[in-house]
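Each remark here refers to the structure printed beneath this line.
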Amino acid sequence: MLKMIDVSKVFRTELVETHALTDFSLTVGEGEFVTITGPSGCGKTTFLNIAGLLETLSSGQYLLDGVDVSTLSDYQRAKLRNQKIGFIFQSFNLMPDLNLFDNIDVPLRYRGMKGAERRERIEQALEAVGLAARKKHVPSQLSGGQQQRVAIARALVGEPRFLLADEPTGNLDSNTAQGVMELLNEINDKGTTIIMVTHDEQLAQRSQRNIHILDGRIANPVLTPLKTPGESTAAMA
Amino acid sequence: MDIGPIFRAMTRNKLGVILIALQIAFTMTVIINAIFIINERSRLMARPSGVDEANLFHLVSVGFGEGFNEEIAARDDMEMLRRLPGVANASVVNAVPVSGSGSGTGVRLTDDESSPSNFTAIYRVDEQAIDTMDLDIIAGEGFTIGDVRNRQRNSEAVSDITVLTETLARDLFPDEAVNDVVGNTVWVPGGIPLQVVGIVRQLQAPWQNNTIERSMLVPENVIDGSSMYLVRSEPGQRDRVMAEVEEALVAANGSRIIRDMRSLEETREGTYRIDSAMSTVLWVVIITLVFITSMGIVGLAVFGINRRRKQIGTRRALGATRPQILGYFMVENLLITGVGVTLGAVLTIAFSILLTTNFNMPAMGWHYTPLGMLALLAIGQLAVWGPSRGAARIEPAIATRSV
């Protein structure tokens, strides 16, 4: 479970102080599919970065699976990211010099997993996203949709508890985006908690719960889900 | 460790890697061979000449006045110099070691001019020269005043005895113990026999070639218009004695001039000046090459890191710790430098063979190449350490930024 209590994030320079998140409180339960919406600059990405332990918070408390992450060192945060969180980025963030196999291998190597187990997991992940035959290809040889599927495979290969997606369909056409959303729904159906930042209100409405952020605060403090877990796949069909 | 993926990623960016690896290989080839040449020169320059260099000095007395008698002047000068306070001994010689100027001759075991000969330096000296030079007699004896003969320049040798260096004795009589060489006869050109009366441990020739340890002394005084005097001071008094000797000689005889007064240390320095300068130039080349190569490594690393900032952020987001990012770039550099030093090892050995074959250089010791490889690997790691630390400080949040 992910729980933020009165979390604030302030960016300071010599001249400017920017309040990206203010008294932000949110609880995301096991297996939920939550979307985060809001206008540009409202704090969506900052929320995602804090949720994914990519940035520290200025004040408040953040509990990830019961662990107060605000007290963790950089090293401990990296280990926690590696073990519990999967990331999907808008521009895929694949390593252009590595083939698909090596790209998906990246988080597993940081976990120190043995070669045989890594190989088996990578084969399964590539199979799951339908790209097993192209494991020796480099990202530039794939379409945008295929690249995002590789990124999803990379995010899932470590079997994370939480999947954080930053505009995962933002760089895709509507048909490809639909395919990616179906894949995410399948993943969610299998129990992975997903938090997805999106500009697309239609996609947001299809999640179990939508959080709308305005000026660093939750604008719609809805406490009950839009849909119960398990309903999302049917809604998308 | 990520060696496999790092290597595979490198193969997709070949040009930069190949260029820097070639630079490392070239640098290694040059610096190892340069260090070998410097060490070789230093070893040659540091060889002892066998004489008491710290306390010896030499000068030339040139007569010009009517009635100047070189033989008498030299005899009187020696008597006067040997009585001077601070002078341990003085002699008339035709040359001094490491000066670059002297006489040489072929020496044989028979009077057959067609038989093989050993080239050797020949010192024509008075009976005190062995003591003046502070040579170590290891067999037989030196000369007496009765042994010394006067001869005119370009005339044939008039002496009939000689003292050899140990190296020359062993080269001439390889099957005999040094003690047994004493009493043997050797021949110099003109069919002149010289009986060996003594062996000294070492007396280098005036020149610096591969016959430098071969010398022979004969008790002769060459009358040719000028005399070279060799003077040994008591320890630590050389500089004072040099000034006093010059004054004394000028005062003793106004029919000659004293010139070219130098300590043997000055003579050695002058003889090896070109070698010292060459070593300095080579060190400058080495330092410059290492600096340029280090900058090349830093430049490639910084360029690679800046180009991959988002990748680094993504790796951090995917769970890489700072030490793992640091390790990634250190290993990447190790692989690039490894390719460079491997190629460099081949080039180094090839270049060394070229020098040995064409320039009569001694063969390079086997340890130079592996030590050079290790040094270049260490330089590469030092050069990439700073940029790698910078990469490790890149925040993971950069992964979610659009630019």
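The values are calculated or read from the model by the stated rules, or taken from the named source; none is laboratory data. All figures in this text were calculated on a predicted structure; none of them were measured in a lab. Methodologically, a virtual Cβ is constructed for each residue, glycine included, from the backbone with ideal geometry; neighbour enumeration extends over all protein chains shown. Ligands, DNA and RNA are excluded from the accessible area calculation, which covers all protein heavy atoms including side chains. Shrake-Rupley method; radii C 1.70, N 1.55, O 1.52, S 1.80 Å.
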Cut-off under 5 Å, modelled amide H: who pairs with residue A:194 long-range
A:32, A:33, A:34, A:163
Averaged over A:86-99, how many beta carbons belonging to a partner chain fall within 10 Å of each residue's beta carbon?
5
What number results when the radius of gyration of the protein assembly as shown, computed over Cα atoms, is divided by 2.2 N^0.38 Å?
1.69
Under a cut-off of 17 Å between alpha-carbon atoms, report the aspartates and glutamates in cross-link reach of residue B:14, not counting same-chain residues fewer than 8 places apart.
A:97, B:332
Could you look at chain B and say what percent of its accessible area is carbon and sulfur, using a 1.4 Å probe and all protein chains?
59 percent
Once the dipole of the stretch B:253-314 is set up from charges on Cβ (+1 Lys and Arg, -1 Asp and Glu), the residue from the list B:313, B:287, B:300 lying farthest towards its positive end is B:313
Counting Lys and Arg as +1 and Asp and Glu as -1, each charge on the Cβ, what is the dipole of chain A about the Cα centre in debye, to the nearest 20?
620 debye
Label zone at residue B:252, where the point sits 7 Å out along the Cα-to-Cβ direction: the stretch B:66-84 residues whose backbone N lies under 18 Å:
B:68-84
Roughly how big is chain B's charge dipole about its Cα centre, with Cβ charges of +1 (Lys, Arg) and -1 (Asp, Glu), in debye to the nearest 20?
4620 debye
If you line up the long axis of helix A:100-111 against the longest principal axis of chain A, both from Cα atoms, how many degrees apart are they, to the nearest 10?
60 degrees
Can you pull the one-decimal nm distance between simple spin-label points at residue A:73 and residue B:306, each 7 Å off the Cα toward Cβ?
3.3 nm
For the stretch B:275-403, shape from the Cα gyration tensor axes a ≥ b ≥ c, cut at a/c of 1.5 then a/b versus b/c, turns out prolate
Could you work out the local net charge near residue B:69, counting Lys and Arg as +1, Asp and Glu as -1, over the other residues with Cβ closer than 14 Å to its Cβ?
-4
Taking the dipole about the Cα centre of the stretch B:39-113, with the C-beta of Lys and Arg at +1 and of Asp and Glu at -1, give me whichever of B:110, B:94, B:54 is farthest to the positive side.
B:54
Square roots of 5 times each gyration tensor eigenvalue, C-alpha, the stretch B:40-92, largest first, Å:
32, 16, 7
Using alpha-carbon positions, the gyration tensor of chain B gives root eigenvalues a ≥ b ≥ c; with a/c under 1.5 called rounded, otherwise prolate if a/b exceeds b/c, else oblate, the class is prolate
Ranked highest first by average number of other Cβ atoms within 10 Å, how do A:99-109, B:301-311 line up?
A:99-109, B:301-311
At a threshold of 8 angstrom on Cα-Cα distance, excluding pairs fewer than six apart, so keeping six or more, what relative contact order does chain B reach in percent?
26 percent
Pairing the Cα long axis of helix A:115-128 with the longest principal axis of chain A, what angle in degrees results, from 0 to 90 and rounded to the nearest 10?
80 degrees
Anchor residue A:190: lysines whose Cα lies under 17 Å away (excluding residues fewer than 8 positions away in-chain)
A:84, A:227
Once each part is reduced to its C-alpha centroid, what is the distance from the stretch A:121-141 to the stretch B:339-392 in angstrom?
41 Å
Simple label model, 7 Å out from Cα along Cβ direction - residue B:179 to residue B:294, nm:
5.8 nm
In whole Å and largest first, what semi-axes does the C-alpha gyration tensor of the stretch A:110-208 yield when each eigenvalue is scaled by 5 and square-rooted?
24, 17, 11
In debye, nearest 20, what is the charge dipole magnitude of the protein assembly as shown about its Cα centre with +1 on Lys and Arg Cβ and -1 on Asp and Glu Cβ, if you could check?
4440 debye
Of the residues A:57, A:212, A:146, the Cα lying farthest along the dipole of the stretch A:2-224 towards its positive end, which is defined by charges on the beta carbon of Lys, Arg, Asp and Glu, belongs to A:146
Sort B:242-255, B:352-365 for me by packing, meaning the mean count of neighbouring Cβ atoms within 10 Å per residue, highest on top.
B:242-255, B:352-365
Could you compute how much accessible area chains A and B hide from each other, both sides summed, with a 1.4 Å probe? Nearest 100 Å² is fine.
2500 Å²
The stretch A:2-224: relative contact order as a whole-number percent, Cα under 8 Å and 6+ apart
31 percent
Quick one: accessible area per residue over chain A, 1.4 Å probe, rounded to a whole number of Å²?
43 Å²
Hey, any idea what % of the stretch A:2-224's accessible area is carbon plus sulfur with a 1.4 Å probe?
48 percent
Residue A:44: which lysines have alpha carbons under 20 Å from its alpha carbon, excluding same-chain residues fewer than 8 sequence positions away?
A:3, A:9, B:310
In deg cm²/dmol and to the nearest 500, what is the mean residue ellipticity at 222 nm of the protein assembly as shown if only DSSP H runs of at least 4 residues count, each as -39500 (n - 2.57), divided by the residue total?
-14500 deg cm²/dmol
Just to confirm the filter: which trypsin sites (Lys or Arg not before Pro) across the stretch B:1-57 are DSSP coil and have at most 15 other Cβ within 10 angstrom of their Cβ?
B:12
Pull out a ≥ b ≥ c, the square roots of the eigenvalues of the alpha-carbon gyration tensor of the stretch A:2-224, then state rounded if a/c is under 1.5, prolate if not and a/b is larger than b/c, and oblate in the remaining case.
prolate
Average partner coverage of A:71-80, which counts Cβ from other chains inside 10 Å:
3
Please average, across the residues of A:43-51, the number of beta carbons from any other chain that are within 10 Å of each residue's own beta carbon, and give a whole number.
2
Using packing as a proxy for protection, rank A:83-92, B:70-79, B:133-142 so that the peptide with the highest average count of other Cβ atoms within 10 Å comes first.
A:83-92, B:133-142, B:70-79
